[in-house]
Amino acid sequence: MSNEKVPGPPTSGSPAPSQNGAEPEKKKREYKEFGHDNEGPTKALVDMDTIELKAEDLYDKEKVDLETIVIDDVFKLLQCDENGLTTDEAQRRLEIFGPNRLEDHEQNPLLQFLSFMWNPLSWVMEAASLVAIVLSNGQGKPPDWPDFVGIVFLLFVNSAIGFYEENNAGNAVKALMDSLAPKAKVKRGGSWSEIESAILVPGDLIAFKIGDIVPADCRLTEAINVSIDQAALTGESLPISKKPGDQCFSGSTCKQGEAEGVVISTGPNTFFGRAASLVGQDDDTTGHLQKILAQIGSFCLVTIGIFVLAEIFCLYAGFRYQYRRGLDNILVLLIGGIPIAMPTVLSVTLAVGAQQLAKYKAIVTRITAIEELAGVTILCSDKTGTLTTNKLTIDRNTIHTYGPFSADDVILLAAYASRTENQDAIDAAVVTAIGDASRARAGIKLLDFKPFNPVDKRTEITYLEEASGKLKRVTKGMTGIIIELCSRNKTEEIEARLERDVEEYAARGLRALAVAFEEVEGDDPEGEGNGFELIGLLSIYDPPRDDTKQTIDDAMALGVKVKMVTGDQLAIAKETGRRLGLGDHMYPAKVLKDGPPPGGIHTSLDHMIMDADGFAGVFPEHKYEIVKRLQGLGHLCAMTGDGANDAPALSRANVGIAVEGATDAARGAADIVLTEPGLSTIVHAIRQSRVIFQRMRNYSIYACSVTIRIVVCFAILSFAYKFDFPPFMILIIALLNDGTIMTLSVDRVLPSMTPDSWDLAEIFAYAVAYGLYLTASTIALVCTIKETNFFQNKFGVSLATPPPIASNDPQLHMVVYLQVAIISQALIFTTRAHGFFFMERPSTALFVAFCIAQLISSIIAAYGDWGFTKIQGISGGWIGIVWVWNIVWFIPLDWIKFAMKATIIKKLRARHEAQQHKDIAAGIPMTRTQSRAASIHESLYSNRVSFIKRAARKVGFGGKVSMKPEELQRFSSIQAQRAGATLARNPSRTA
């Protein structure tokens, strides 16, 4: 039986009088519903007795089309019968076809661990380790084993920390994913049982009923009053009737009735699965964060390269250094200048962020999406099931009455004329509207009920009112049908008023449901009544989720513009936009092809897309195009959705967000998957992502500053004093720094109220200022010690060599080590704060880690007497001097920050804004990353997942059966043609 339908807004077309002259054809056509395609069943183009049951044959549409062949051939081809498969046969097919879920990209743990060493920064450290073990041979000295072991240890520590944190995040994601595992009722060996839908195979007999999710693509063998919600495919709100022989798609929802069917495709071979596979073909493996890492890394590498070349010329050509002595100086720059922990710190920060989002029931499937979410300026959202509940509701505020009955009376009488069990979407909406469902049968005795059918297009109840003892009858249904029955009050005035009300509903995207009432004389429920009287007109709509409006308001307050992109009608989209505060400045999808009308306010299609509050009547390719154009204008774009029709846009968007209840195809294409109803998690995610962004920005400034500070400082000392600092002590500094800086991933920071963006010019400017200042602090200390006797005379301290102090005094090395170690780490308190460092309290973890690192540094300074490092422990007096010296030099760091903001940073921002305005005026897209030049090393920092995949293929891990792209494209084309033909025949539903 078909589901009860509700009238929609009028469609275009020439009015034509009907045979009875009651209403023009146009009004009849506005209630026209989807019907079954008239295409007859086909036959397979192969010998059904000889075809082998293989994936290559089963899904080759040139041989057989499982979606259209007669149902008997389906059973024959799949070699199954009405008793279902045996357990052994099901297991065999599971090995042939694979599990009924989207492919899991399991990472090889070893390759995942090694991938943390796969970036140019790590390559330089790896090269430094080779220098220490290979090139350091010579002049009668052994290889530099301490530095080699230290470098390798540092690399492994960073990789281990990153691997551990990502694994923790991955486990949290897996736990949430496992909680989503659906069940299926299947017949095997002649008996029904419930199993995980993941182990369904082609040929299985399945059953589902109202409220169930269809677990796999199937052909129906039995269908009792079945209607299926395919909103995930078409984007429209009402379910579709199904009959035996029809196909049902995996992920669609049974809204009415019961059905049995035979599974024809599973997992990646279902319609949604193949859509998800197609989505990934145009993937850009170089993510936004990888590009930023490339440019920061390049800045550090170029800085190091310049000073390494300078040392080579100065030390070897100028000072005539021996081979080994100069090599140690170069190692100091390589080891100390490379921010080796940067990829790990950022990965850990993102992994911790993913775990924090998991607490809000949000699965992060692409970890770098968190960083991109912080910079999102536009959020495009699907309507049905995302902004709205995808559950029809009576709008009590717009009810029209035409008789002596009140609006509450009309709803109650309409509820009488509705089913209370095995309801369709309309009956459920009406009964829900009265509040207490028991009232739909309270005080009356049901005598006769006529359910909705496609011919009459209405329901009817005859009942005995227990209070009065009278027989009464109520009917509800299509406006055009109901008004024809209303002999008691069908006047020109009522008809004109009804027509105006229906048109008002249509203009607002509300569907109309008319209600009529009559009394029945006598005691015969089949008897004639005294004539129906039109008593009311109900409006039905898909209401917004409870938290949607607040979510949109919060997103706009955070500087994110929200646009609705829906497959539903324009009028419905505008009404939803008005209710949500989005605005109703929306356009039909055809403008994406035709462009803005001539003489309008929009000069280009891009201008129109930016100005619009949303678009209606869109197909998947339209959503994809909208996202692509917004990105072309320089915006980072997020997209929310729940269906296969959203999958391409979810994949294309910088951040794709699949809402709760989304199909496997949408979840597979999305970067973030919500597992609880509502969109409030998105605002939590935006805020959390901005917190994470601030942590990463703070660290980036710190890392670049330390590079400048180490490289420039020790290069100048070697040029000025022939200062040969031991490389091993630089390794100690780097190791202690890494241990402290890892705690930045949980640091307390304030999220910004506007979208974040990586302004690398600012980061590098701050880095140069801080780095040169800290360089000055070290050089001033060395100069004071070497050129004067101030400390010796004032505090009674001494070094290993008497004045004048030798440049390579082992205790002087230790003094420099302690000074560099302390103030370099203290810099993080300046970079993490927007104002004075003491105004923003750091996290307990960061503060404790800093204190432990400084305690270890001071202990090493006091007792570190290691011959191979050319250092000696220093007295407590020197340790105190260094601490006081650093405190004195640390205090002005905040003033340097303020001075930079007031001068150089202010000029950089003004210049950037002027250039941006100039580009916009010239029609040139703005860029989100304000750097002087794009890095030439972006591909080297491509998403580590892609490296893992390539490496896995090389060594034979993770093998899988691949499908030919041509076959996938052919499948997609066939589906698109059919969907397009159906939608073209019913334009009022989605256009």
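The values are calculated or read from the model by the stated rules, or taken from the named source; none is laboratory data. None of the values given here were measured: they were computed from a predicted structure. Note that each Cβ is placed from the backbone with ideal geometry, even for glycine, and that neighbours are counted across all protein chains shown. The accessibility values were calculated without ligands, DNA or RNA, using every heavy atom of the protein model including side chains. Shrake-Rupley method; radii C 1.70, N 1.55, O 1.52, S 1.80 Å.
In terms of packing, defined here as the mean over residues of other Cβ atoms within 10 angstrom, the peptides 546-556, 294-304 line up highest first as 294-304, 546-556.
The value given for the range 462-584 is a Kirkwood hydrodynamic radius of 17.4 Å, derived from the mean inverse Cα-Cα separation. Taking amide H as placed 1.01 Å from N in the peptide plane, the amide H of residue 587 sits under 5 Å from that of 614, 615, 616, each at least 5 places away or on another chain. Applied to the range 344-358, the Karplus parametrisation 6.51 cos²θ - 1.76 cosθ + 1.60 on θ = phi - 60° returns per-residue 3J(HN,Hα) values of 5, 4, 5, 5, 5, 4, 5, 5, 4, x, 5, 5, 5, 5, 4 Hz, with x for Gly and Pro.
With every protein chain in place and a 1.4 angstrom probe, the accessible-area ranking of 885, 758, largest first, reads 885, 758. Note that the range 436-568 presents 42 Å² accessible area per residue, ligands and nucleic acids not counted, probe 1.4 Å. Placing a pseudo-label 7 Å from each Cα along the Cα-to-Cβ vector at residue 88 and residue 604 gives an inter-label distance of 6.8 nm.
Computed with a 1.4 Å probe over protein heavy atoms only, the accessible area of residue 883 comes to about 80 Å².
Here the spin labels are modelled as points 7 Å beyond Cα on the Cα-Cβ line, and at residue 524 and residue 507 they lie 4.7 nm apart. Here the 3J(HN,Hα) profile of the range 388-393, calculated from phi with Karplus coefficients 6.51, -1.76 and 1.60 at θ = phi - 60°, is 10, 7, 6, 9, 5, 9 Hz, Gly and Pro shown as x. Candidates 600, 532, 622 compared by Cα position along the dipole of the range 523-668: farthest toward the positive end lies 600, with charges placed on Cβ. Extension gain, residue 130 to residue 844, is 253.2 nm, computed as 0.36 nm per intervening residue step minus the present C-alpha separation. Think of a 1.4 Å ball rolled over the protein heavy atoms: the range 586-648 then has 38 Å² of accessible area per residue. In order along the range 653-662, the phi-based Karplus estimate (6.51 cos²θ - 1.76 cosθ + 1.60, θ = phi - 60°) of 3J(HN,Hα) comes to 4, 4, 9, x, 10, 8, 7, 4, x, 5 Hz; Gly and Pro are listed as x. Checked against a 22 Å cut-off, the cross-linked pairs 383/450; 141/786; 445/490; 391/574; 185/361; 243/457 give Cα-Cα distances beyond that limit for 383/450; 141/786; 445/490; 185/361. Shape summary of the range 343-465, radius of gyration then Dmax from alpha carbon positions: 24.3, 76 Å.
Residues with beta-carbon under 11 Å from that of residue 799, excluding residue 799: net charge, scoring Lys, Arg +1 and Asp, Glu -1? It would help to have the intermediate numbers written out before the result.
On the way: positive: 786; negative: 809.
The answer is 0.
For the range 732-785, what class follows from the C-alpha gyration tensor (a ≥ b ≥ c being the square roots of its eigenvalues): rounded when a/c is under 1.5, otherwise prolate if a/b is larger than b/c, else oblate? Since a/c reaches 1.5 but b/c is at least a/b, the shape of the range 732-785 is classed as oblate. Ordered by solvent-accessible area of protein heavy atoms (1.4 Å probe), largest first, the residues 770, 541, 164 come out as 164, 541, 770.
Classify the range 428-484 as rounded, prolate or oblate from the Cα gyration tensor: take a ≥ b ≥ c as the square roots of its eigenvalues, call it rounded if a/c is under 1.5, otherwise prolate when a/b beats b/c and oblate if not. Oblate shape, in that a/c is at least 1.5 and b/c is the bigger or equal ratio.
Given a Förster distance of 45 Å, report the FRET efficiency between residue 801 and residue 910 from their Cβ-Cβ distance, rounded to the nearest 0.05. Kindly include the intermediate steps, with their values, before the conclusion.
On the way: r = 53 Å, r/R0 = 1.17.
Approximately 0.30, to the nearest 0.05.
Once all protein chains are placed together, residue 93 keeps about 0 Å² accessible to a 1.4 angstrom probe. Under 5 Å from the amide H of residue 380 lie the amide H atoms of 563, 638, 639, 640, each residue being 5 or more positions distant or on a separate chain, with H modelled from the backbone and absent for Pro and chain starts. Here's how it looks for residue 221: its modeled amide H is under 5 Å from those of 245, 260, 261, 262, which are all 5 or more places away or on a different chain.
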